[in-house]
Amino acid sequence: MESMTFVLFGATGDLAKRKIYPALYNLFIDQKLPQSISIIGLGRRALSDAEFQNRVEQSIETFSRRVEHDYSKMGEFLNAFRYKVLDVTNTEDYGKLLDFVEQREEELHIPENRMFYLSVAPELFDGIALNIKESGLGSTTGWKRLIIEKPFGHDLESARDLNVKLSKAFEEEEIYRIDHYLGKPMVQNLEALAFANPVLQALWNNQYIANVQITASETVGVEERAAYYDGAGAIRDMVQNHMLQLLMMTAMHLPKQISANDIREEKRKVMESLRPLKKEDVGLHVIRGQYSAGEIHGQPAAGYTDEPGIEASSHNDTFVAARVRIDNPFWNGVPFYIRTGKRMKEKSTRIVIEFKDSLKELYRNRNEQTEPNLLIIEINPNENVSLQLNSKNPLNDGKMEPVRINFTSEQEGVPEAYERLIFDAIRGDSTFFAHWKEVELSWEWVQPILEAFEENLVPLHLYQAGSYGPEAAHHLLKEDGFKWWLDK
Ligand code: BG6
């Protein structure tokens, strides 16, 4: 792996502390970092290198999935870290940063391979990118890359605007947009599941599949993020990115080759085939919800509008369910349902594929009931794939009962999403990053929903904290003769 410089904007922030330092540390322990790496943390407050290294160490002690007790390793790791004060709007600071980056490159004999990770507020993305370009930091003889995190814009127009600005400083191939769902092992496994198994591949279409249900439910509420979340809602926070990425990964067709480009091409085709919603029709296919007071695991939970920082009049969506149609020959007639919400009964991210039950009648004539076959892909917190089949239970007079076959079990020591994604970015593998085209098409699909919510064209259904969301979300499936599976 090529030696490189890793420049981290927002080095004293929360994401750096919780995710980025532990990820770098675990990569280091697994010998997945380049032999020579210069890591330069940037922030507003003044810190010495020693103070900064101390913070990094603390964050590893607190948040890393493991800590090696061989202290020489920690010392070696921390030794790569330096800190500089930088005001992101001050062009002079970028000039000084360039000098320092070059100085370290010389000291460590590192070629001009530079990764810029913007772990800062999204309003700062374009300004920083421009300064990287104008200061000469981005004029390297090696490669340069930019890592950014959602939100990529606030709506279609602002997302396009941001992209135009970023593309003045970085080529599309140099931009790594993190969607941490794409770093989850089971999401990465979706491709293998569907394409490396002829048994499943043969069934992965509208001839055999009745519907697909993608759920990401959370038990947490708005937490301390009122300022951001109340202006974003579940639609921007989860649907525009994570939920549509899960949908793309499930619905994409077999690519010509298993390569970043071919996979992205297939994902793009899915997004291009999504049936667009008209603003006036949003209410027919999209359910908007907001949690009211209730109970989570026996503990009382406040309603959304009673949360700190939220106005009593807020109409913000903390829950969204939608019926999505994909107009292509593989998925015509197969509804994809997505559902996500805060303060729901359980934390669960999963995809349930319901197969058509074409033999139901055969057994109904014998007064026996079969359940549809289900392929259940659990992503979080458990990682598991199971298949639900019908089987006779000899202990129950040979009655037909659904049985589940589990394919995977929990494994220890699996790298976290940020480890995988940072490792991929270092290697220059962009398979599991969001391409601009996917982001733009997602915003295009979501835009009428944003407008319908904004203009209150869609009812806001309250649901009790600790429930599975508003009744209306159950009706959405009932209309098509289906139900959400696995709601207990
Ligand atoms: C983030 C959202 O992107 O994803 C959060 O901003 C949400 O609101 C989180 O809680 C969920 O991620 P995970 O990995 O816990 O499912």
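The values are calculated or read from the model by the stated rules, or taken from the named source; none is laboratory data. Remember, predicted model here, so these are calculated numbers, not experimental data. Every residue, glycine among them, receives a Cβ derived from its backbone with ideal geometry; neighbour counts consider all protein chains shown.
Structure values in brief
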quantity	calculated
Subset of the stretch 21-39 [in contact (Cβ under 8 Å) with a residue 60 or more places away in the chain and within 20 Å of ALA121 (Cβ to Cβ)]	none
Every residue from the stretch 239-256 that is farther than 23 Å from ASP424 by Cα and near the ligand (Cβ under 10 Å from one of its atoms)	none
Selection within the stretch 406-419 - modelled with pLDDT under 95 and either of a type in the set (Asp, Glu) or part of a helix (DSSP H, G or I) (or both)	GLU410, GLU412, GLU416, ALA417
Close pairs from the stretch 398-417: first at positive phi, partner hydrophobic (A, V, I, L, M, F, W, C) and part of a strand (DSSP E or B), Cβ under 7 Å, at least 6 apart	none
Verdict on SER358 being free of Cβ contacts under 8 Å to residues at least 12 places away in the same chain and of a type in the set (Gly, Ala, Ser)	yes
Odd one out for THR408 among (1) within 25 Å of MET4 (Cβ to Cβ); (2) touching a Ser or Thr at 6+ places or on another chain (Cβ under 9 Å); (3) among the β-branched types (Val, Ile, Thr)	(1)
Selection count where residues are surrounded by 15 or more Cβ atoms within 10 Å (Cβ to Cβ) and either without any contact (Cβ under 8 Å) to a residue 24 or more places away in the chain or assigned to a helix (DSSP H, G or I) (or both), scope the stretch 75-93	3
Conditions (1) surrounded by fewer than 20 Cβ atoms within 10 Å (Cβ to Cβ); (2) hydroxyl-bearing (Ser, Thr, Tyr); (3) within 16 Å of the ligand (Cβ to nearest atom): number failed by SER259	(3)
Test: ALA312 is without any contact (Cβ under 8 Å) to a residue 40 or more places away in the chain and within 19 Å of TYR229 (Cβ to Cβ)	yes
Qualifying residue in the stretch 66-74 (condition: surrounded by 20 or more Cβ atoms within 10 Å (Cβ to Cβ) and more than 21 Å from LEU421 (Cα to Cα))	yes
Residue list for the stretch 349-383, restricted to those being among the hydrophobic types (A, V, I, L, M, F, W, C) and either closer than 30 Å to ALA301 by Cα or assigned to a strand (DSSP E or B) (or both)	ILE351, VAL352, ILE353, PHE355, LEU374, LEU375, ILE376, ILE377, ILE379
Condition broken by GLY233, with the remaining ones in (1) within 16 Å of the ligand (Cβ to nearest atom); (2) crowded, with 18+ Cβ neighbours inside 10 Å; (3) at pLDDT below 95 satisfied	(3)
Subset of the stretch 35-54 (residues that are surrounded by 12 or more Cβ atoms within 10 Å (Cβ to Cβ) and closer than 11 Å to ALA80 by Cα)	SER36, ILE37, SER38, ILE39, ILE40, GLY41, ASP49, GLN53
Filter result for LEU274 (away from the ligand (no atom under 16 Å from the Cβ), surrounded by fewer than 21 Cβ atoms within 10 Å (Cβ to Cβ), more than 30 Å from GLY303 (Cα to Cα) and not polar (S, T, N, Q))	no
Condition check for VAL446: within 16 Å of the ligand (Cβ to nearest atom), crowded, with 19+ Cβ neighbours inside 10 Å and either at positive phi or over 15 Å from the mean Cα position of the chain (by Cα) (or both)	yes
Hits in the stretch 416-435 - residues which are of a type outside the set (D, E, K, R) and buried (at least 18 other Cβ atoms within 10 Å of the Cβ)	ALA417, TYR418, LEU421, ILE422, PHE423, ALA425, ILE426, SER430, PHE432, PHE433, ALA434, HIS435
Within the stretch 203-230, considering residues that are more than 16 Å from the ligand (Cβ to nearest atom) and not hydrophobic (A, V, I, L, M, F, W, C), the one nearest to LEU193 (Cα to Cα)	ASN205
